[in-house]
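The values are calculated or read from the model by the stated rules, or taken from the named source; none is laboratory data. Remember, it's a predicted structure, so these values are computed and weren't measured experimentally. Note: ideal-geometry Cβ built from the backbone for every residue, glycine included; neighbour counts use all protein chains shown. Remember, those area values only see protein heavy atoms, side chains included, never the ligands or the DNA or RNA. Shrake-Rupley method; radii C 1.70, N 1.55, O 1.52, S 1.80 Å.
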Amino acid sequence: MLKRFFLKLFLFALLFPIVLVVIFKFVNPPFWGWELSRTLFPPQGYPEHIQHEWVNLDKISKNMQLAVIASEDQTFPEHHGIDVQATLAVLKHAGKNGPDRGASTISQQAAKNMFLFPVHSFIRKGVELYFSLLMEIVWGKERILEVYLNIIEFGPGIYGVEAASEHFFHIPASRLSAQQAAQLAAVLPNPYKIKASPMSNYVYQRTLWIRRQMRQLGMVTLDKVYNEQSLFKSFHIYR
């Protein structure tokens, strides 16, 4: 009886993430793990009301799409969800409570923010990697980038690039310049201590670096993202 229970538990743990990933291939999430965690356990400075507005990827400036790739994960078009060498390096230097620093791909960051909670542990990292692989297979790069840009936190309670663009620059995300996009990407390591505008010296220097990386990568990087194939790629999606 106990063996059967654990078998069912294992199958549930294996299959339930697949169901979630398939659903959110077609449905824009009304809420996500990171937002729920912040709402239930608000950190210092978290506002009473959040800012968020979903926009499809074609309504987000290509400058912004390229900026986050340049800043967060330059191998995004090529990898399969995991930067193996970086992940092994993080695990090698992890403490007893689990990994305490990033080296996460955009796929991993999207998985963490979408499905999980801000807890450092080896178990959470393993679940994050599993979700990342599933998202790569089912969603593909375009959907991963779209979800990532819509749920990532750019400031306390400021979720998604549309809300961030309106908050810091008073324009929609579709109109972000390369400079503005780089400024927004610069805050992602720590949006509670770093602001896109007005720029601190750190943000100024970080923005210069991101702009250089954007020029080196070029828009051909986005072509690789758009042309990548995934499961359900040919399905017509209603969102």
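Assorted remarks:
- Helix axis angle, 106-115 relative to the chain longest principal axis, alpha carbon, degrees: 60 degrees
- Cross-link check: pairs Lys3/Lys125; Lys25/Lys59; Lys25/Lys195; Lys112/Lys193; Lys59/Lys141 evaluated at a Cα-Cα cut-off of 24 Å; pairs beyond the cut-off: Lys3/Lys125; Lys25/Lys195.
- The apolar share of the surface of the chain, taken as the fraction of accessible area on carbon and sulfur atoms (1.4 Å probe, ligands and nucleic acids excluded), comes to 62 percent.
- A crude spin-label estimate for the pair His52 and Thr75, with each label 7 Å from Cα along the Cβ direction, gives 3.1 nm.
- Highest mean first, the peptides 177-186, 137-146, 51-60, 123-132 sorted by other C-beta atoms within 10 Å per residue fall in the order 177-186, 137-146, 123-132, 51-60.
- Angle in degrees between helix 62-72 and the longest Cα principal axis of the chain, rounded to the nearest 10: 60 degrees
- On a per residue basis, the chain carries 54 Å² of accessible surface, using protein heavy atoms and a 1.4 Å probe.
- Secondary-structure-derived ellipticity at 222 nm for the chain, considering helices only, amounts to -17500 deg cm²/dmol, per-run term -39500 (n - 2.57) for DSSP H runs with n ≥ 4.
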